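Notes to accompany the following structure.
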Amino acid sequence: VQLQASGGGLVQAGGSLRLSCAASTRTVSNNGMGWFRQAPGKEREFVAGISWNGGITSYSNGVQGRFTISRDITKHTIYLQMNSLKPDDTAVYYCAVARSAVPSSVSSSYKSWGQGTQVTVSS
């Protein structure tokens, strides 16, 4: 499956962005999906995940309350609404398909990855 992430850009601190990740096939319909990010010089870290039907969501402590993950099953697409952005949120954001129906914060639990979209938050 191919994943196409989009929606990144440059925004001032306190602003908002909405990322999208479209899957090329409906075969992801039974899989959890997630967003990870990687800042320069840092390891890739979990941001948010969502179950196959959207009923379960999980977030890292650093984005809880500011970011919202959602899913449109009919479009095979997940979204990440990012509000109250901070300079520390600057990173390349990747979407991924989980091996199971529920999300995980562990990157090895994901089997397919998108190409990433750059998010830059200026102070």
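Cβ-Cβ contacts under 8 Å between residues 6 or more apart (or on different chains), taken from a first residue in the range 73-102 that is touching a residue at least 40 places away in the same chain (Cβ under 8 Å) and over 24 Å from GLY41 (Cα atoms) to a second residue that is open to solvent by 60 Å² or more (accessible area, probe 1.4 Å) and charged (D, E, K, R), are listed as HIS76/ARG26; TYR79/ARG18; GLN81/ARG18; VAL97/LYS111; ALA98/LYS111; ARG99/LYS111. Residues in the range 85-112 that are among the polar types (S, T, N, Q), over 19 Å from SER6 (Cα atoms) and surrounded by 14 or more Cβ atoms within 10 Å (Cβ to Cβ): SER100, SER104, SER105, SER107, SER109.
For the range 1-10, a tally of residues being open to solvent by 20 Å² or more (accessible area, probe 1.4 Å) and either modelled with pLDDT under 95 or outside any loop (DSSP other than H, G, I, E, B) (or both) returns 6.
Taking first residues from the range 48-71 that are farther than 16 Å from VAL106 by Cβ and partners that are among the charged types (D, E, K, R) and surrounded by fewer than 17 Cβ atoms within 10 Å (Cβ to Cβ), the Cβ contacts under 8 Å between residues at least 6 apart in sequence or on separate chains come to GLY62/ASP88.
Based on this model, can you work out whether ARG18 counts as touching a helix residue (DSSP H, G or I) at 6+ places or on another chain (Cβ under 9 Å), assigned to a strand (DSSP E or B), within 24 Å of SER122 (Cβ to Cβ) and among the basic types (Lys, Arg)? So ARG18 fails the test.
Within the range 11-23, the only residue that satisfies the criterion of being out of contact with any Ser or Thr (no Cβ under 9 Å at 6 or more places or on another chain) and surrounded by fewer than 17 Cβ atoms within 10 Å (Cβ to Cβ) is ARG18.
Which residue is modelled with the highest pLDDT, if the candidates are limited to the range 49-97 and must be over 12 Å from the mean Cα position of the chain (by Cα), closer than 12 Å to GLY32 by Cα and among the aliphatic types (A, V, I, L, M)? Only one residue tops the list, namely ILE56. Going through (1) under 26 Å from LEU10 (Cα atoms); (2) open to solvent by less than 70 Å² (accessible area, probe 1.4 Å); (3) in contact with a Pro (Cβ under 7 Å, 6 or more places away or on another chain) one by one, SER123 falls short only on (2). Does ALA39 satisfy the condition of being of a type in the set (Gly, Ala, Ser), closer than 17 Å to THR117 by Cβ, modelled with pLDDT of 95 or more and over 13 Å from the mean Cα position of the chain (by Cα)? Yes, satisfied.
Among (1) open to solvent by 60 Å² or more (accessible area, probe 1.4 Å); (2) at pLDDT 95 or above, which single condition is GLN115 missing? Result: GLN115 passes all but (2).
Within the range 24-78, the set of residues being assigned to a strand (DSSP E or B), of a type in the set (Phe, Trp, Tyr) and either open to solvent by 30 Å² or more (accessible area, probe 1.4 Å) or over 17 Å from GLN4 (Cβ atoms) (or both) comprises PHE46, TYR59, PHE67.
The values are calculated or read from the model by the stated rules, or taken from the named source; none is laboratory data. Just so we're clear, the structure is a prediction, and the values are computed from it rather than from any experiment. A quick note on method: Cβ atoms are made from the backbone with ideal geometry, for glycine too, and the neighbour counts reach across all protein chains shown. Ligands, DNA and RNA are excluded from the accessible area calculation, which covers all protein heavy atoms including side chains. Shrake-Rupley method; radii C 1.70, N 1.55, O 1.52, S 1.80 Å.
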